[in-house]
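Below: one structure, written as structure tokens.
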Amino acid sequence: MVLAGVAQAVGGDVTEAELQREVERLLDEAGLLWHHCPRAYRCRGPAGFPDLLALGLGGLLVAELKGPDGETSAAQDLWHWTAARAGLRPRLWRPADLNGRIATELDAIK
Ligand SMILES: [Mg+2]
Ligand SMILES: [Zn+2]
């Protein structure tokens with residue numbers, strides 16, 4: 001796929017949107033249930049909802065995706081902190097994590 005070379009590039013110029021698409025491909029490959037809200041302005045509820053919710057027989061994972069230099073907002077931090085305290089698996093993924101980390105963490109909830 002387009003981003004296949006990204007692993008050795010360790011995320012160089014990959015944007016958050018490109019990362020999102022690649023993660024979606026990995027999710028389908030893993031056979032997981034997942035959801036992403038591409039038009040979050042239409043969503044209701046407190047701000048900062050994670051970019052991705054993935055569900056498999058092994059568990060539920062929520063992930064915030066960022067480009068190489070993107071920073072999480074306070075609202076996103078609150079969702080992640082609460083998810084962790086609730087025993088979920090909040091993740092912050094960046095393009096560099098296409099080096100196998102994301103695939104491994106998806107495998108863990110298959
Ligand atoms: Mg994001
Ligand atoms: Zn939504």
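The values are calculated or read from the model by the stated rules, or taken from the named source; none is laboratory data. Here the structure is a predicted model, which means the values were calculated and not measured. Methodologically, a virtual Cβ is constructed for each residue, glycine included, from the backbone with ideal geometry; neighbour enumeration extends over all protein chains shown.
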Any residue at all in segment 91-109 that's within 13 Å of ligand 1 (Cβ to nearest atom) and in contact with a Pro (Cβ under 7 Å, 6 or more places away or on another chain)? yes
Output for Cβ contacts, cut-off 8 Å, separation at least six or different chains, first residue at positive phi in segment 42-69, second among the β-branched types (Val, Ile, Thr) and more than 10 Å from ligand 1 (Cβ to nearest atom), reads 59/109
Would you be able to say whether some residue in segment 65-85 is within 16 Å of ligand 1 (Cβ to nearest atom) and under 12 Å from residue 106 (Cα atoms)? no
Whether any residue in segment 91-101 is in contact with a strand residue (DSSP E or B) (Cβ under 7 Å, 6 or more places away or on another chain), crowded, with 17+ Cβ neighbours inside 10 Å and acidic (Asp, Glu) is what I want to check. no
Provide a single number: the residues in segment 24-48 that are more than 18 Å from residue 92 (Cβ to Cβ) and acidic (Asp, Glu). 2
Being under 13 Å from the mean Cα position of the chain (by Cα), of a type outside the set (Gly, Ala, Ser) and within 14 Å of residue 50 (Cβ to Cβ) narrows 101, 91 down to just 91
Flag if residue 52 is touching a Leu at 6+ places or on another chain (Cβ under 7 Å), under 13 Å from residue 106 (Cβ atoms) and crowded, with 17+ Cβ neighbours inside 10 Å: yes
Only residues that are of a type in the set (Lys, Arg) and assigned to a strand (DSSP E or B): list them for segment 72-108, please. 89, 91
Checking residue 63 against (1) assigned to a loop (DSSP other than H, G, I, E, B); (2) crowded, with 16+ Cβ neighbours inside 10 Å, which single condition isn't satisfied? (1)
Search result, residues across segment 18-60 that are part of a helix (DSSP H, G or I), at pLDDT 95 or above and among the hydrophobic types (A, V, I, L, M, F, W, C): 19, 23, 26, 27, 30
Checked against (1) part of a loop (DSSP other than H, G, I, E, B); (2) within 16 Å of ligand 2 (Cβ to nearest atom), residue 69 satisfies every condition except (2)
